[in-house]
Amino acid sequence: MKIQKRDGRVVPYEEEKILAAIRKANNEVEEKDRAEEALITKILEAVKAEDKELQTVEHVQDIIEQHLVECNKYVLAKKYIVYRYQRSLLRKSNTTDESILKLIRNENKELAEENSNKNTRLASTQRDYIAGEVSRDVTRRMLLPEHISMAHDNGAIHFHDADYFIQPIFNCCLINIKDMLDNGTSINGKMIESPKSFQVACTVTTQIIAAVASNQYGGQSVNIRHLGKYLRKSREKFEAQLEAEFGEGLEPAVKARFVDIRLQDELRSGVQTIQYQINTLMTTNGQAPFVTLFLHIDEEDEYVEETVMIITEILRQRLEGTKNEKGVYVTPAFPKLIYVLDENNCLKGGKYDHVTRLAAKCSAKRMYPDYISAKKMRENYEGNVFSCMGCRSFLAPWKDENGKYQFEGRFNQGVVSLNLPQIGILAEGNEETFWKLMDERLELCYEALMCRHKALLKVVSDVSPIHWQYGAIARLKKGETIEKLLYGGYSSISLGYIGLYEVTWLMKGVSHTEPSGKEFAMRVMDYMNQAVQRWKKETNIGFALYGTPAETLCYRFARIDRERFGDIPNVTDKGYYTNSYHVDVREPIDAFAKFTFESEFQNKSLGGAISYVEVPNLMNNLEAIEEVIRFIYDNIQYGEFNTKSDYCHDCGYDGEIQINEDNEWECPQCHNKDHARMNVTRRTCGYLGENFWNSGKTREIKARVLHL
């Protein structure tokens, strides 16, 4: 006789298991209520008497209960029934118990390393993670179709941010800060009027950022140019005050000097407010707001000179750093900075080149800002220059009813990513099989993305007034649904992808930097692009192809495939997959060649694209950094710098983190041994996790291995 288990597996019938279960129940009741050996034998014979080749485990348990009741062993039968019910509950209940307990005990390394901006020791962060674990489990078991959950578990796709899926919230956005500052807003039911000064505008901005971050799960971006108007308001206020106080009693030059002194003081205080508020505020998801400041000097802006002053002060304060709890100046995690290179500041004799040189110094010491080329962006986005969202995804151009382009006040509904190398592994070099599998996997991604979309369809504006009623995204009425904002390309929804390098290697035996490999890689990019364009046309939803930092996903996909398929040279044996279209970190390629090559893929990944280059000893290579900045302006839309320099967040030590006699990582300056406070790349992905030894016995950092 065979027994069919609850999960469908068929196994040989084992009488010993029934004996063990009854005897275990026997031991938990008084002797008078126990089943005698004769009764146990009778039960076993009854099971055999069914005389079926295949029997379900549930039917066998029914037979046991029936015989116990018939023989008046009610107490024992109850004990057995309760035991059976408890086991059933365990099978049907969530699978979060152990992960939550490990989190509370600070033993859940996967969570600790998932997001360096969250300290899993803090009660507030643990609370968010506990809720996230519950959401992830409910999502997997109840909200997603079984085949989508299975595809995620098997690493075919990745359903991002399942820990927030049960809530009526979305991914990331561009806050419409201009509307909120100019027309006022409301936070926690309190009216906030349009500010009358720069200092107040900065305070209100940080309050808005915190409120927005607490009601979504991705990052947000703010265009700093909208604060220029309020810096001018402060100047006008100071001028009016001096005029009222002294009239003609002060020389115009003296009066102007007084105004400049007060304005500079207000400028410093306002920018400091932004920096300190953002880094000290804690949102409801257990971290500082994941915010990006967009720094664009646009000469068509009537407040351009004020904007230049604000950007300069932001860069100056970032260069200085922020004091940690020990009083050491360190690099703050937030806000992220994106600096736009345009004709007026691309280090080719422009009017604002001095600001860019300050940005270069800031990049050398603090790794930020990142750089966007206005020239290349205009080529890709119908002449527009705008910020990516906090998650580094880009929106497609969209015009309002007046034919005017609008980017701020728009958002991303969610992301699902495709594991390209796994398709290559399964195809075994056969292109016909590869494209057939691509179709199947893309269909899975589409279904998963539509789950994200449908989850937002009936959301009403009341769930997050700061987003939907008071200007961050819209000014909808109470009770109005957000449905109209999900169509027509107003918001985006993104198909991510991992491992273009690895899938090219699997299918062609060469890197995608080689001509034959590049031809195949381009076809893969075009194929994914055609899919999202087809979905967009069929649904009127803003599908986009998104290739940006994927954090732990590069590692997760590789780990799953390694466990399933074993070590595949140059693919799974590395322990990581290369992010999106990037060149593999081990390839010998200089910064200029890397940017030139990857720029061709950015043009095909307009839903999000970023490239890195590594410059050793940044502080001693300002000329090299400036040369790369000039190159970025002419050749690539979005670029960043990276370095190998070690860094301790406790004391600010810049140098090599040592391994001590106990084989532990230890800062030689302050002797800190907390891995979560030390890292090599300092901010490529923000990873501050544990260092490790690679197969070549060379010291590496997961952050560098995973994300460059």
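The values are calculated or read from the model by the stated rules, or taken from the named source; none is laboratory data. None of these values were measured; they are calculated from a predicted model. Note: ideal-geometry Cβ built from the backbone for every residue, glycine included; neighbour counts use all protein chains shown. Ligands, DNA and RNA are excluded from the accessible area calculation, which covers all protein heavy atoms including side chains. Shrake-Rupley method; radii C 1.70, N 1.55, O 1.52, S 1.80 Å.
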Original post:
Residue check: is GLY383 part of a loop (DSSP other than H, G, I, E, B) and open to solvent by 10 Å² or more (accessible area, probe 1.4 Å)?
Top reply: yes
**OP:** Identify, by number, the condition in (1) modelled with pLDDT of 90 or more; (2) under 20 Å from the mean Cα position of the chain (by Cα) that ASP561 doesn't meet.
**Re:** (2)
**OP:** Please state which of the following conditions LEU293 fails to meet, knowing it meets all the rest: (1) more than 21 Å from SER387 (Cβ to Cβ); (2) in a strand (DSSP E or B).
**Re:** (1)
Original post:
Is there any pair linking a residue in region 573-599 that is within 21 Å of GLN422 (Cβ to Cβ) and open to solvent by 10 Å² or more (accessible area, probe 1.4 Å) to one that is among the charged types (D, E, K, R) and part of a loop (DSSP other than H, G, I, E, B), with Cβ under 7 Å and at least six apart or on different chains, and which?
Top reply: ASP573/ASP567
Original post:
Of (1) closer than 18 Å to ASP182 by Cβ; (2) open to solvent by 10 Å² or more (accessible area, probe 1.4 Å); (3) without any contact (Cβ under 8 Å) to a residue 40 or more places away in the chain, GLN241 satisfies all except one. Which?
Top reply: (1)
Original post:
What number of residues within region 36-54 satisfy the criterion of being open to solvent by 10 Å² or more (accessible area, probe 1.4 Å) and either closer than 15 Å to MET1 by Cα or in contact (Cβ under 8 Å) with a residue 40 or more places away in the chain (or both)?
Top reply: 10
Subject >> Test: THR539 is among the β-branched types (Val, Ile, Thr), over 25 Å from the mean Cα position of the chain (by Cα), over 30 Å from LYS484 (Cβ atoms) and modelled with pLDDT of 95 or more >> reply: no
Original post:
Any residue in region 49-63 that is part of a loop (DSSP other than H, G, I, E, B) and either under 30 Å from GLU146 (Cβ atoms) or among the aromatic types (Phe, Trp, Tyr) (or both)?
Top reply: yes
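A quick yes/no check of all residues on (1) at pLDDT 95 or above; (2) within 26 Å of TYR576 (Cβ to Cβ); (3) of a type in the set (D, E, K, R); (4) surrounded by fewer than 17 Cβ atoms within 10 Å (Cβ to Cβ):
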{"position": "SER393", "(1), (2), (3), (4)": "no, yes, no, no"}
{"position": "ASN402", "(1), (2), (3), (4)": "no, no, no, yes"}
{"position": "GLU408", "(1), (2), (3), (4)": "yes, no, yes, no"}
{"position": "PRO421", "(1), (2), (3), (4)": "yes, yes, no, no"}
**OP:** Check ASN412, ASN384 and return the single one that is over 30 Å from ARG562 (Cβ atoms) and free of Cβ contacts under 8 Å to residues at least 40 places away in the same chain.
**Re:** ASN384
Original post:
What about ARG452, is it basic (Lys, Arg), farther than 28 Å from LYS399 by Cα and either in contact with a Gly (Cβ under 8 Å, 6 or more places away or on another chain) or modelled with pLDDT of 95 or more (or both)?
Top reply: no
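Each row is one residue, and each column tells you yes or no for (1) in contact (Cβ under 8 Å) with a residue 12 or more places away in the chain; (2) of a type in the set (S, T, N, Q); (3) under 20 Å from ALA544 (Cβ atoms).
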site	(1), (2), (3)
TYR501	yes, no, no
TRP505	yes, no, no
THR513	yes, yes, no
GLY517	yes, no, no
ALA521	yes, no, yes
**OP:** Answer with yes or no whether HIS160 is at pLDDT 80 or above, loosely packed, with under 15 Cβ neighbours inside 10 Å and not aromatic (Phe, Trp, Tyr).
**Re:** no
Original post:
Can you name the residue in region 14-30 that is in a loop (DSSP other than H, G, I, E, B) and more than 51 Å from the chain's Cα centre (by Cα) and is also nearest to LEU44 (Cα to Cα) among such residues?
Top reply: ASN27
Original post:
When you go through ASP342, ASP370 one by one, which is the residue that is open to solvent by 10 Å² or more (accessible area, probe 1.4 Å) and in contact (Cβ under 8 Å) with a residue 12 or more places away in the chain?
Top reply: ASP342
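Just checking, how many residues over region 528-543 are among the small types (Gly, Ala, Ser) and touching a helix residue (DSSP H, G or I) at 6+ places or on another chain (Cβ under 6 Å)? Talk me through it step by step, then tell me what you get.
Taking region 528-543 as the starting set, the residues that turn out to be among the small types (Gly, Ala, Ser) are 531, 542.
Retained after the next criterion (residues that are touching a helix residue (DSSP H, G or I) at 6+ places or on another chain (Cβ under 6 Å)): 531.
Of the residues in that region, 1 qualify.
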Original post:
On the given criteria, is ILE274 part of a helix (DSSP H, G or I) and crowded, with 21+ Cβ neighbours inside 10 Å?
Top reply: yes
Original post:
Looking only at residues in region 180-195 that are open to solvent by 30 Å² or more (accessible area, probe 1.4 Å) and in a helix (DSSP H, G or I), which one is farthest from LYS477 (Cα to Cα)?
Top reply: ASP182
